[in-house]
Amino acid sequence: MKSLNTTAEDIAREAWDKVRNPNEVVVRVPVVWVGNLCLPRENGDGEVSAVFSTFTFGDNYAVEKATAQKIQMGDRKQFIMVPEPNEYRRLMVKKNLLSWSLPIPIERENGWITPECYKRVGSVFGPLLDALVDEFYYTTIITDDEEAIMERQSAILFSENSRGVANACEAVNMFCTLGSFWEKFGLNKGELPVVPFKEYMMLKVMARKEGDSMRQRMRTSKGSPTKIASGGRTRPSRGRRIG
Amino acid sequence: MPTIQPRESVKDSKPAGNEKRVDETLMPPGKYEVTPEHTFEVVVNMRAEGNRWVITQQSGKGVETHKVTFRMWTYDEIVNLRKAATTFDAVRRMHLVDTDLLDRLKVQKLMRSWTFDRDNPRLKIHRVNETLTDESWESFKKLHPNIIRYILEKMNEILEYNG
């Protein structure tokens, strides 16, 4: 829930937090006091923030396994395992909530909030924590809009005569940048954010130049480079390349 | 032969029965934690028209006013109640929330009092372990459907849509 008075600096701060510390996600919810009730509202005059650890593949595996229910499919004797969505969200809090701006200390043990601490965490105003969990949950899923853009851009990117994608979305950008930087220079996701920007740009320009020249070479090379000798002269092979 | 007996002088470290934990006594619930005082009221203004009741916005002449008090729900209660009202549709492969059941659970868990029992003892509500009994839910259901719908709408305005 982004408030209406979000400034460019707020957005930059959020992006920087994400790059600087990829292991943490900070979420903020505007709130308003109605009598003695604290409710999340878009035009709220206050703000509550919470820091969650980034929801990883391992977190999802553990939480999904813990909340899986056996569901019978129709009359058949087939069963599927489905995670219970409400319990899933409760475990997300227990597993990933690190700190928050509420005056309730978060105590953790072995990577989880302690039962005594959760007793207090779970007793805060429901809509407030629910809104914080909503914000955190949105950082863990691919939205319908994101999926549609990925679908469209990957169709262009992987087409036969592709020349890249203009205005690439985050997924395509990450796929191409991380892929090429890892392949060429062995830089991984953790190391890339601290590379000086000028050097990053130089490498990116050079990678683009290399790609352009490779494409150019493929376009200008006519016929097969394999020559067939016959009667004192050579001619290009008419054989078709398979594969 | 000596036998080993438990020492009577050693007390159990766990608090007995009603005894409160020391940390809870020293650090009572803060302003963000739900206590029985965190309530809100749904005010129902209604006017009799023939043998039915019409909900009105303002109180005035011929308008009867009643109040229903609910407690705010905690995050843990949200999860528990939604979980109880959620089923998995195996055909469509998606979770569905039975909102009617969820509303019933909210009323039984969170309704503290109402004034409809002022002149009608049959509408008196009773609670066991902080939960409205099924008989009291039956009393709730005795109201006209439009009054019930209005109460549920106003309750959900706060609980689900943040007022």
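Please treat every number below as a calculation from the coordinates, not as lab data. These numbers were taken from a predicted model, which means no experiment stands behind them. Cβ sites come from the backbone with ideal geometry, for glycine too, and all protein chains shown count toward neighbours.
Give the average over all directions of the projected area of the C-alpha convex hull of the protein assembly as shown, one decimal, in nm².
Computing the convex hull of the Cα atoms and averaging its projections yields 42.1 nm².
Where does chain B land at 222 nm, in deg cm²/dmol rounded to the nearest 500, when only DSSP H runs of n ≥ 4 count, each adding -39500 (n - 2.57), divided by all residues?
Only helices count here, giving -9000 deg cm²/dmol.
Describe numerically, in nm with one decimal, the distance between label points set 7 Å from Cα along Cα→Cβ at A:Val195 and at A:Gln78.
About 4.7 nm, to one decimal.
Starting from the Kirkwood radius over alpha-carbon pairs of the stretch A:1-119, derive D by Stokes-Einstein at 20 °C in a medium of 1.002 mPa s and give it in µm² s⁻¹.
Value of D from the Cα-based Kirkwood radius: 126 µm²/s.
Which one, B:Glu138, B:Glu37, B:Glu64, has the greatest fluctuation when you compute a Gaussian network model over chain B with C-alpha springs under 10 angstrom?
B:Glu37
Under a point-charge model restricted to the Cβ atoms of Lys and Arg (+1) and Asp and Glu (-1), what is the dipole moment magnitude of chain A relative to its Cα centre, in debye to the nearest 20?
Dipole about the Cα centre, nearest 20: 2300 debye.
If contacts are Cα pairs under 8 angstrom and at least 6 residues apart, what is the relative contact order of chain B in percent?
18 percent.
With angles folded into 0 to 90 degrees, how steeply does helix A:8-20 sit against the dominant principal axis of chain A? Use alpha carbons for both and round to 10.
80
Given only helices, namely DSSP H runs of n ≥ 4 each adding -39500 (n - 2.57), what is the per-residue ellipticity at 222 nm of chain A, to the nearest 500 deg cm²/dmol?
Calculated at 222 nm, the ellipticity per residue is -14500 deg cm²/dmol.
Let me know the volume per residue of the alpha-carbon convex hull for chain A, in Å³.
Hull volume normalised by residue count: 243 Å³.
Which is farthest toward the positive dipole end of chain B among B:Phe70, B:Ile125, B:Met46, measuring Cα position about the Cα centre, with Cβ charges +1 (Lys, Arg) and -1 (Asp, Glu)?
Working it through, the farthest residue towards the positive pole turns out to be B:Met46.
State the extension gain, in nm to one decimal, for the chain segment bounded by A:Thr139 and A:Ile71, taking 0.36 nm per residue of separation less the distance between their alpha-carbons.
Net length gain for the segment: 21.7 nm.
Order of B:Val91, B:Val79 from fewest to most other C-beta atoms within 10 Å?
With the sparsest Cβ surroundings first, the list reads B:Val91, B:Val79.
Mind computing the radius of gyration and Dmax over the alpha-carbon atoms of the stretch A:55-196? Å is fine for both.
Both quantities, over Cα of the stretch A:55-196: 20.5, 61 Å.
Using the count of nearby Cβ atoms within 10 Å as a rough guide to exposure, how do A:Met218, A:Met73, B:Met72 rank from fewest to most?
A:Met218, A:Met73, B:Met72
Determine the dipole magnitude for the protein assembly as shown: charges of +1 sit on the beta-carbon of Lys and Arg, -1 on that of Asp and Glu, nothing else is charged, the reference point is the Cα centre, and the result goes in debye to the nearest 20.
Result for the protein assembly as shown is approximately 2340 debye, rounded to the nearest 20.
How big is the convex hull of the Cα atoms of chain B, per residue, in Å³?
250
Quick one: compute the contact order of chain A, relative version, from alpha carbon pairs under 8 angstrom and 6+ residues apart, as a percent.
The normalised contact order for chain A reaches 12 percent.
Any idea how far apart B:Arg112 and A:Ser99 come out in nm if each label point goes 7 Å out from Cα toward Cβ?
3.5
Among A:Lys189, B:Lys83, which comes first, then next, by fewest other beta-carbon atoms within 10 Å?
Result, fewest neighbours first: A:Lys189, B:Lys83.
For the stretch A:8-138, with the dipole built from +1 on Lys and Arg beta-carbon atoms and -1 on Asp and Glu ones, taken about the Cα centre, which of A:Ile80, A:Ser101, A:Ile11 lies farthest toward the positive end?
Going by the Cα projections, it comes out as A:Ile80.
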